[in-house]
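The values are calculated or read from the model by the stated rules, or taken from the named source; none is laboratory data. Predicted model, so just to flag it, every value in this text is computed and none were measured. As a convention, Cβ positions derive from the backbone with ideal geometry for all residues, glycine included, and neighbour counts pool all protein chains shown. Just the protein is used for accessible areas: all its heavy atoms, side chains included, with ligands, DNA and RNA removed. Shrake-Rupley method; radii C 1.70, N 1.55, O 1.52, S 1.80 Å.
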Amino acid sequence: PFGPNEPSLGEQAEKTLRINFFNTIVATEAFLPVVKDGGRIVVVGSQMGYPTDVPGDAVRAKFLAADATVDSLKKHAQGFVDAAKNGTHKELGWYDGMGAAYRASKLAIGAYTLLWAKEKRVVDRGIKVNLICPGWCRTDMAGDQAPRSADEGADTPAWLASAPETADFTGKFYKDRAEVDWTKATFGM
């Protein structure tokens, strides 16, 4: 599925999950002490990482488990990286082909964000944590064929981060300023 000059899926998985998932956790944990009580955190997810689109039921279940923890999510995400490296990702029920690493990273960060919003240390400080999908935006990564401008993609996260009417929103997923059930959403919603 990859051209001769493209990195392998294993290499893509390692880099993409490190940037989009593992380092997002590092950054949010590092910033948490300086977020004021009642502050807001908005994490960028993607419609490419909806749980309903995961091929394998067992993979999906691990990310939606009621008893999931940050550590268990890290373990599952690392499981994708390891499986992509050894070529067993597809048979284990993970995404395959172009975009597989990106999709896995956005699945993982979505599950983490919605879990993190419920953590006692976040709730006790009144910090609001939400997940958004900016849509397919014209960027260096997405290309100039994307239908949305970067400004349009930034509308929902800016709204969640600053609008008075969103001050109490937490633990939810939003696209185009509308709440969407992340666990049931399908690509293209």
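Looking only at GluC sites (Glu not before Pro) in DSSP loops with at most 15 other Cβ atoms within 10 Å, what is the longest site-free stretch of the chain?
Numbers: sites that count: 91, 119.
Longest site-free region, per DSSP loop and neighbour criteria: 1-90.
Of all accessible surface on region 89-189 at a 1.4 Å probe, what whole percent is carbon and sulfur?
54 percent
Ignoring any ligand, DNA or RNA, what whole percent of the accessible area of region 8-88 comes from carbon and sulfur when the probe is 1.4 angstrom?
Here it works out to 55 percent.
Computed over the Cα atoms, what is the radius of gyration of the chain divided by 2.2 N^0.38 Å, N being its residue count?
1.02
Calculate for the chain the 222 nm mean residue ellipticity that helices alone would give, adding -39,500 (n - 2.57) per DSSP H run of length 4 or more and normalising by residue count, nearest 500 deg cm²/dmol.
After summing the helix terms and dividing by residue count, I get -12500 deg cm²/dmol.
Just need log10 I(q)/I(0) for region 66-166 at q = 0.21 Å⁻¹, Debye formula, equal scatterers on the alpha-carbon atoms, no solvent, rounded to two decimals.
For region 66-166 at q = 0.21 Å⁻¹, log10 I(q)/I(0) is -1.12.
So if I place +1 on the C-beta of Lys and Arg and -1 on the C-beta of Asp and Glu, and nothing else carries charge, what would the dipole magnitude of region 1-88 be about its Cα centre? I want it in debye, nearest 20. Intermediate results must be reported in sequence, preceding the final value.
Details: 9 positive and 10 negative charges, 30 e Å.
In debye, rounded to 20, region 1-88 gives about 140.
Per Stokes-Einstein, at 4 °C and 1.567 mPa s, what whole-number D in µm² s⁻¹ belongs to region 9-111, with the Kirkwood radius over Cα pairs as the hydrodynamic radius?
Values: Rh = 14.0 Å.
Taking Rh from Cα pairs, D becomes 93 µm²/s.
Grab the other residues whose beta carbon is less than 12 angstrom from that of residue 95, score K and R as +1, D and E as -1, and report the net.
Here the count lands on +2.
Using a cut-off of 12 Å between beta-carbons, work out the net charge of the residues near residue 55 (Lys and Arg +1, Asp and Glu -1, residue 55 not included). Could the numbers behind the result be given before it?
Details: positive: 60, 90, 103; negative: 53, 57, 91, 96.
Neighbour charge sum, excluding residue 55 itself: -1.
To the nearest 20 Debye, how big is the dipole of the chain about its Cα centre, given +1 on the beta carbon of each Lys and Arg and -1 on that of each Asp and Glu?
Value, rounded to 20: 360 debye.
Considering only protein heavy atoms, what is the solvent-accessible area of residue 82 at a probe of 1.4 Å, reported in Å² to the nearest 10?
Answer for residue 82: close to 80 Å² accessible.
How about residue 36: which lysines have a C-alpha closer than 26 Å to its C-alpha, ignoring those fewer than 8 places off in the same chain?
Cα-Cα hits under 26 Å: 118, 120, 128, 172, 175.
Ranked by accessible surface with a 1.4 Å probe, highest first, in what order do 74, 85 come?
Highest to lowest solvent-accessible surface, that is 85, 74.
For region 1-61, what is the accessible area per residue in Å², given a 1.4 Å probe and the full set of protein chains?
I get 53 Å² per residue for this part.
Given the options 76, 178, 105, identify the residue whose Cα lies farthest towards the positive end of the charge dipole of the chain (+1 on Cβ of Lys, Arg; -1 on Cβ of Asp, Glu).
76
Taking the Cα centre of region 1-159 as the origin and placing charges on Cβ (Lys, Arg +1; Asp, Glu -1), which of 127, 95, 56 is farthest toward the positive end of the dipole?
Of the options given, the answer is 127.
Over region 87-189, average the accessible area per residue using a 1.4 Å probe and give it in Å², no decimals.
51 Å²
If each Cα of region 2-48 is one equal point scatterer, what is log10 of I(q)/I(0) from the Debye formula at q = 0.15, 0.20, 0.25, 0.33 Å⁻¹?
-0.56, -0.78, -0.96, -1.15
Roughly how many whole Å is it from the C-alpha centroid of region 140-184 to that of region 52-119?
Each part's Cα centre sits 22 Å from the other's.
Could you check which residue among 115, 64, 160 shows the biggest mean-square fluctuation in a GNM of the chain with a 10 Å Cα cutoff?
64
Would you list, by chain and number, the lysines whose Cα falls below 21 Å from the Cα of residue 90, excluding same-chain residues fewer than 8 positions away?
Excluding near neighbours in sequence, the set is 15, 62, 74, 75, 106.
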